[in-house]
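Structure first, commentary second.
The values are calculated or read from the model by the stated rules, or taken from the named source; none is laboratory data. Model, not experiment: these values are computed from the prediction. No Cβ is skipped: glycine too gets one built from the backbone with ideal geometry, and neighbour counts run over all protein chains shown.
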Amino acid sequence: MAGMKTATGDYIDSSWELRVFVGEDDPEAESVTLRVTGESHIGGVLLKIVEEIKRKQDWSDHAIWWEQKRQWLLQTHWTLDKYGLLADARLFFGPQHRPIILRLPNRRALRLRASFSQPLFQAVASICRLLSIRHPEELSLLRAPEKKEKKKKEKEPEEELFDLTKVVLAGGVAPALFRGMPAHFSDSAQTEACYHMLSRPQPPPDPLLLQRLPRPSSLLDKTQLHSRWLDSSRCLMQQGIKAGDMLWLRFKYYSFFDLDPKTDPVRLTQLYEQARWDLLLEETDCTEEEMMVFAALQYHINKLSQSGEAGEPTGTDPGLDDLDAALNNLEVKLEGSASTDVLDNLTTIPELKDHLRIFRPRKLTLKGYRQHWVVFKETNLSYYKSQDEAPGDPIQQLNLKGCEVVPDVNVSGQKFCIKLLVPSPEGMSEIHLRCQDENQYAHWMAGCRLASKGRTMADSSYASEVQAILAFLSLQRTGGGGSGNHPQGPDASAEGLNPYGLVAPRFQRKFKAKQLTPRILEAHQNVAQLSLSEAQLRFIQAWQSLPDFGISYVVVRFKGSRKDEILGIANNRLIRIDLAVGDVVKTWRFSNMRQWNVNWDIRQVAIEFDEHINVAFSCVSASCRIVHEYIGGYIFLSTRERARGEELDEDLFLQLTGGHEAF
Amino acid sequence: MGESNEDIDQMFSNLLGEMDLLTQSLGVDTLPPPDPKPPRAEFNYSVGFKDLNESLNALEDQDLDALMADLVADISEAEQRTIQAQKESSQNQHHAASLEVPDFSGAVALGYGANVTAVSVSQYEDDLPPPPADPMLDLPLPPPPPEPLSQEEEAAQAKADKIKLALEKLKEAKVKKLVVKVHMNDNSTKSLMVDERQLARDVLDNLFEKTHCDCNVDWCLYEIYTELQIERIFEDHENVVEVLSDWTRDTENKVLFLEKEEKYAVFKNPQNFYLDNKGKKEGKETNEKMNAKNKESLLEESFCGTSIIVPELEGALYLKEDGKKSWKRRYFLLRASGIYYVPKGKTKTSRDLACFIQFENVNIYYGIQCKMKYKAPTDYCFVLKHPQIQKESQYIKYLCCDDARTLNQWVMGIRIAKYGKTLYDNYQRAMERAGLASRWSNLGTVNAAPPAPSSTGLKTGTTQANGQIPQAAHSVSAVLEEAQRHAETTQDKRPVLGNHHPGAPRAPQLPKSSLPPPPPVRRSSDVCGSPATVPRAKGLSGGFPAPPDDSLPPPPPPPPLDDEDLPPPPPDFNDAPPDFVPPPPPSFAGAAGSPLPPPPPPPPAPEAAKPPPAGVKRAPVPPKRKENPGPPSGGGSGEQDFMSDLMKALQKKRGNMS
């Protein structure tokens, strides 16, 4: 009966022809034409399409996309009538999962298959599961910024693109670990390399690149980024994303739940990378002193990740190692004789004795450095006129515990000085030690540093401290010693490390590399003993401690105000900021918030706080959906509880963040 | 006084003689006797006691009694150790002898003039819990030889571990002790012995037991630099001996025991520090009251995240210029990394700030009467200096605030930036301690926790402003409230602990289920709740009303011994030092005579003798006494363990060799 027409051309069984294109939304694609009625179920239509195509293939991921309505027809038991589908509908029969290129927080690109049909929230969750990042609710996707094509096309080196499109993740809970990585990464050398890229920090960027990359010069610039967030409650297809498009994966909500170095290697690393780029590109401002700490941590992290000591703390238990040697010694002696000084020997502490030149800055003195015989034992530094007088009383003895140690080094000038600021009941006394060469300097410097922390050279970290100092000196030689303020190209990074790659460009302008190196070294001494994950965690913590941390800026116009202002959204508060000056005008905390409403028609967000404080504003730089989602997202994140683990209340999230079209 | 001093001298020389005797007896029994160390030990003692003698004039009789009691306890330990060493040495003589040495050589003498007297006491028993490596002792001891060859490696490893452990313990055996004179707020003083490893918290606990105060969280140790006119609160985690070691010999600095509500003000009213709108006075009143739930969440947000949040603090302060008496007004900002100021002509954005000081090497003090001394604009000054600096110096930084409120905010802010989460941990421990005390004082009268606040004043999600789409309206507070309620119900379900369990560590005032569990209570329960003394605290309800200073129960001098924490000597104790009269066991007569409710019976003997809850399995050492559970204790006889372990290991080694 199907296909029989009446005289007017209508089909007698009220069936009609439905044209479905096969493939993604390419109008040139092949198409099949089916006869359907309004009562046909979507499932039946799918079956017919597959029959029509007559190709053997796994069609299970395919579904129908209705282009005009921007909607997937996913309810297979719904009829065409129920969808309101008519013959003029442009339908595409295509895969629900399509490849996209993801720009990770560490700025590397990764191709993988993402769901184009699920709400973004779910799509991100499955991406994160694939990348083994816990707590996907903290992340989201952004559109990549539009490229300015006009600028130099000659040199854009083809970057390495990791591919995870072939990896299929078995359903189930947590991917099992295999050879220290989630099992799905261990299939091939390629995916293994991809896991290393994900879980290990990247080397510092080329300083030249760093200078080229766009940096926000004002608060207004910082609002740009936040206009690009995708909508969590709609799918990628609905938001105009096409297969092969580039998207950025970023931590969106600055509220990191239960960060655990053991279970979160990828999450920790990517968060570290995001923090690092955030600071290097001056998205979050910090002071000079803070930047030096960040640089030292980056240097340390890079060193550890290069040497392949991933995750594990170095050594078993510092302090036990040197005991080992001592114990062997003890055993031998105990078996031999009952010598009573065995333990005295054990407790002896290595000391340094040498000729050094010493300078004590005083008022009204013109004396320079003078040669002395210097003995460094335990945490005490004593100096004598000459070696012969050493058994007697020293000219002066200083206990370095709690002192400040400042390096004053110029490798090219062969100047190796240690400035000590030693506390005493009367105040601080300053003394400068001048060493002859790198080696001597490294040993004395390491001793001084340990002593300032109350430890002696018997401490197991002494040797590594010496090595670290030597390494840093060599860095200075290759880094910035020669050409002064000219940053070097990437070719130099093989040997030493360019300190310019560790600091934001404004410090590149402010300091010469050889000024920067000792300051980074100085900060490094406090972090030198950290393991890779500890150092990453420390970096993230220091980042979180910055006053400007975790504020997402949007340009808004408050009701009743005539000028644009900035609204800062943080994980616990909203901040009204003067656009021109940057001053905080007013802060409202989420904990005092009673409700918020979005009027989608006039694009206005209205918030009511305790004590009948009402605030309303319209959004200028980003859609009010983004502001709404930020607020709802933070409220959602604050409801998370440790007991619930990783289980996600997706409905609540969508309820809190969804726009009116979600209902 | 002179006479009593002579008596004391006499007593001490007796004591010395006794110790000497013990050492010598050890020397005689251990066969290869050329042990050069005992004389050195004696030398150390004499130095220590000389210093002590100098300062004895300042001490009161009861202090001396307490001191003597402490010393006697040490002697008895020494004696017991000797006995054990003898037993061991009969098995394995020369090893024992050689290992005995550092015990004597480690004593260090320090003297601190009138206020603080240092005594060096060679320490045999660990007063504090054993080092974290202790669980090693749980390992089954290597079985006696002969041993299968296949296990040889394993055994060697075990032995190496043990020796390592032994060495660590040897290091620990060198324990320095100070006698510290603490000024009470009723102008009396108390002397107590402070172990090198004791933290301010331990000393406070000790003082709680001695003074029968209400143990609330405001009690603190307080150091006053008389000369510099600065003072500060000891942080609970600070090592007391370390801090005092920075004082000069002839210092007039003092340690006080008093209540300071500034100590943990931030945890009681976090909104005053975190939500204070600078310059906007109108918000002040509303800020000051905040319900407990919001305080809770504010604290959690600030102290329980991945990193703590330092209060945002900025404003103009006066800075004393180096070496001058002039003050310059500058705009300062507090950040987690230090104090910064805005250089002339710059803005207060991060990139323009100049670092004024970082906190790593400085402590924060209140400046007292700076107006008079340094011509400061106001008397609300705070001071930053390296703890070792004791005299006027250009390296001491003086800053001056406009009012007391600002001063408190800065001092607290700096403490938060400097100490971080430790401060919160300290507070929680102090709360536990206070909660414990208050539970004892009103058993059965106080509810464990107030019921969950009713959800009145909540707007549900259906409330909407006109003209708006209903679905978009969400009640934030409803969500938050629900989470909160959930937290509190779990809290309510916690059983009220009975009075038979003095060690119950949670304070009922701390409804905080979503927080990480409190740090493990470091000491065994019998230390913190000596049940005989705590219930005497009076005037306590569920909260922590600070009693007026004069209502502090003047410690009734329970003759002849003020030292409640000294345990009743074990039965066989009395005959140990023959020529020395030990103090009688602490009698409860004094307490019973007071109008206070009769104290509960002293803890049953088996309880007192119980090993610390860690359940350290002891090596089968010769039978030993486990007396001295009084504070600070808990570690028990770790030294014995290591000695016997070491011995075992060595024996086995020899067995394998032959």
Check: Has region A:583-591 got at least one residue that is facing another protein chain (nearest Cβ under 8 Å), of a type in the set (Phe, Trp, Tyr) and not in a helix (DSSP H, G or I)?
Finding: no
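Being surrounded by fewer than 19 Cβ atoms within 10 Å (Cβ to Cβ) and either touching a residue at least 60 places away in the same chain (Cβ under 8 Å) or over 21 Å from A:Ser115 (Cα atoms) (or both) is the filter here; which residues of region A:238-253 pass it? Break it down stepwise before answering.
Taking region A:238-253 first, the residues surrounded by fewer than 19 Cβ atoms within 10 Å (Cβ to Cβ) are A:239-240, A:242-246.
If the condition is that a residue be surrounded by fewer than 19 Cβ atoms within 10 Å (Cβ to Cβ) and either touching a residue at least 60 places away in the same chain (Cβ under 8 Å) or over 21 Å from A:Ser115 (Cα atoms) (or both), then A:Gln239, A:Lys242, A:Ala243, A:Gly244, A:Asp245, A:Met246 are the ones that fit.
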Checklist line | A:Asn345 in a helix (DSSP H, G or I), more than 21 Å from A:Gln440 (Cβ to Cβ) and either more than 11 Å from every other protein chain (Cβ to nearest Cβ) or at pLDDT 85 or above (or both) | finding: yes
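Which members of region A:274-306 meet the condition of being assigned to a loop (DSSP other than H, G, I, E, B) and more than 10 Å from chain B (Cβ to nearest Cβ)? Explain how you work it out, then say what you get.
Pass one, region A:274-306, residues assigned to a loop (DSSP other than H, G, I, E, B): A:281-287.
Hits for region A:274-306 are A:Leu281, A:Glu283.
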Checklist line | Qualifying residues in region B:148-195 (those that are modelled with pLDDT under 75 and acidic (Asp, Glu)) - the one farthest from B:Leu256 (Cα to Cα) | finding: B:Glu152
Margin query: From the list A:Ser412, A:Ser464, A:Ser460, exactly one residue is within 14 Å of chain B (Cβ to nearest Cβ), in contact (Cβ under 8 Å) with a residue 60 or more places away in the chain and farther than 28 Å from B:Ile389 by Cβ. Which is it?
Written below: A:Ser460
Note to self: Residue pairs, Cβ under 7 Å, 6 or more apart or interchain, first in region B:280-309 and more than 18 Å from A:Asn571 (Cβ to Cβ), second at pLDDT 85 or above and outside any helix (DSSP H, G or I). List them.
What the structure shows: B:Lys295/B:Pro270
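Can you confirm whether B:Glu432 is assigned to a helix (DSSP H, G or I) and acidic (Asp, Glu)? Lay out the reasoning, then the answer.
Values: assigned to a helix (DSSP H, G or I): yes; acidic (Asp, Glu): yes.
Criteria met by B:Glu432.
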Item checked: Selection count where residues are assigned to a loop (DSSP other than H, G, I, E, B), exposed (fewer than 15 other Cβ atoms within 10 Å of the Cβ) and either touching an Asp or Glu at 6+ places or on another chain (Cβ under 6 Å) or not acidic (Asp, Glu) (or both), scope region A:604-659 -> 1
Next item on the list: Name the residue, out of A:Leu230, A:Leu271, that is of a type in the set (A, V, I, L, M), within 14 Å of another protein chain (Cβ to nearest Cβ) and either in contact (Cβ under 8 Å) with a residue 12 or more places away in the chain or farther than 16 Å from A:Gly550 by Cβ (or both).
Entry: A:Leu271
Note to self: Quick check on my filter: what residues within region A:521-548 are within 15 Å of A:Glu404 (Cα to Cα) and either out of contact with any Leu (no Cβ under 9 Å at 6 or more places or on another chain) or aliphatic (A, V, I, L, M) (or both)?
What the structure shows: A:Leu521, A:Glu522, A:Ala523, A:Gln525, A:Asn526
Next item on the list: Could you pull out the residue among A:Ser412, A:Ser452, A:Ser429 that is of a type in the set (Ser, Thr, Tyr) and at pLDDT below 80?
Entry: A:Ser412
Check: Going by the conditions given, is A:Trp596 touching a Leu at 6+ places or on another chain (Cβ under 7 Å) and not in a loop (DSSP other than H, G, I, E, B)?
Finding: no
Margin query: Can you tell me how many residues within region A:32-88 are outside any loop (DSSP other than H, G, I, E, B) and acidic (Asp, Glu)?
Written below: 3
Margin query: closer than 16 Å to B:Glu321 by Cα, over 31 Å from the mean Cα position of the chain (by Cα) and either touching a residue at least 40 places away in the same chain (Cβ under 8 Å) or crowded, with 23+ Cβ neighbours inside 10 Å (or both): which single residue out of B:Tyr341, B:Tyr374, B:Tyr398 fits that description?
Written below: B:Tyr374
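Given A:Val266, A:Val293, which one is over 25 Å from B:Ile309 (Cβ atoms) and β-branched (Val, Ile, Thr)?
Numbers: A:Val293 fails: over 25 Å from B:Ile309 (Cβ atoms).
Checking each option against the conditions leaves just A:Val266.
Just for strands (runs of 3 or more DSSP E) wholly inside region B:293-409: which have at least 1 residues that are within 19 Å of B:Val266 (Cα to Cα) and away from every other protein chain (no Cβ under 14 Å)? Show your work before the answer.
Details: elements: B:313-320, B:327-335, B:338-341, B:354-357, B:363-367, B:381-385, B:397-400.
Because the criterion is at least 1 residues that are within 19 Å of B:Val266 (Cα to Cα) and away from every other protein chain (no Cβ under 14 Å), the strands (runs of 3 or more DSSP E) in region B:293-409 that meet it are B:363-367, B:381-385.
Is it the case, given these coordinates, that A:Lys262 is assigned to a helix (DSSP H, G or I) and charged (D, E, K, R)? Before you say what the answer is, go through the steps one by one.
Details: assigned to a helix (DSSP H, G or I): no; charged (D, E, K, R): yes.
No: the conditions fail for A:Lys262.
Of all residues in region A:197-250, which are of a type in the set (Ser, Thr, Tyr) and within 21 Å of A:Leu139 (Cβ to Cβ)? Walk me through it before giving the result.
First pass over region A:197-250, keeping only residues of a type in the set (Ser, Thr, Tyr): A:199, A:217-218, A:223, A:227, A:232-233.
Result: A:Ser199, A:Thr223, A:Ser227, A:Ser232, A:Ser233.
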Check: Restricting attention to region A:518-577, which residues are within 12 Å of chain B (Cβ to nearest Cβ), of a type in the set (S, T, N, Q) and farther than 30 Å from A:Ile301 by Cα?
Finding: A:Asn572
